[in-house]
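Below is one structure, written out as structure tokens, with a few remarks after it.
The values are calculated or read from the model by the stated rules, or taken from the named source; none is laboratory data. What you see is a predicted model; the values in this text were computed from it and never measured. Virtual Cβ from ideal backbone geometry, glycine too; neighbours counted across all protein chains shown. All accessible areas refer to the heavy atoms of the entire protein, side chains included, with ligands and DNA or RNA removed. Shrake-Rupley method; radii C 1.70, N 1.55, O 1.52, S 1.80 Å.
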Amino acid sequence: MQGNMLALTQTSYHWLIIVPSSKMWIRRLLKKLPLKELPDQLRAKPGTRWQPPRFVFGTPVDSAEQLFKLAKDNDFLGIDPKLENPDPEDVNSMDLKKTLQKLDKKLRKKLGIHCHPTYSVAHDVPGVILVFLTSYDENYPRPPDELSQSIQELLKLEEPLMWYLDGPMDTWDYGTYGYRVIGSSKQKNLA
């Protein structure tokens, strides 16, 4: 292998991507993001120790103001109980945890799904991603395309939900399904 060339080799089980020390594969992948569908090769595999990066399925939220407006317009705004005189028209009165809990309750009530919405930082996305599921989730509440349509209609989103590379877990790593072992060899032996 010369320089920064990408090499593919096939083992008896699956394709391996051999990449020099540079993260060229990340740069190539980032050019294609976000993804409408996540290929099986990029999903976590039960029983294997070498796991792909984590991807999150959701919609970008550029700022607290945008999340505040989305929550207020769709009746899942959580107000900070610690404020003496909370103003439901002021973004500073929003409690993120309560807002996400109310969104989860709304999704359960209106769509019959329980997906624990959260947020994450993603590559090349300003703000955060409002996350409805990850590539490490064992069972999806619904297929991602059906989930995307349902949530898009319920929240009156202009764009469908997409897959984004999760910022904190953006590399292939040794670990177990749903949990990646990072650190000392002692930790790796416990997995």
Heavy-atom accessible area of Glu89 with all protein chains present, probe 1.4 Å, nearest 10 Å²? 120 Å²
Ordering His116, His123 from largest to smallest accessible area (1.4 angstrom probe), what's the sequence? His116, His123
How much of Lys98 can a 1.4 Å solvent probe reach, expressed as accessible area in Å² and rounded to 10? 80 Å²
Most positive-pole-ward Cα, Cys115, Asn74, Thr99, against dipole of the stretch 69-132 from beta carbon charges: Cys115
Equivalent-ellipsoid semi-axes of the stretch 76-167, from the Cα gyration tensor, Å, largest first: 25, 16, 12
Going through Lys45/Lys156; Lys72/Lys156; Lys110/Lys156 one by one, the pairs whose alpha carbons sit over 22 Å apart turn out to be Lys45/Lys156
At what distance in angstrom do the alpha carbon centres of the stretch 61-78 and the stretch 108-159 lie from each other? 15 Å
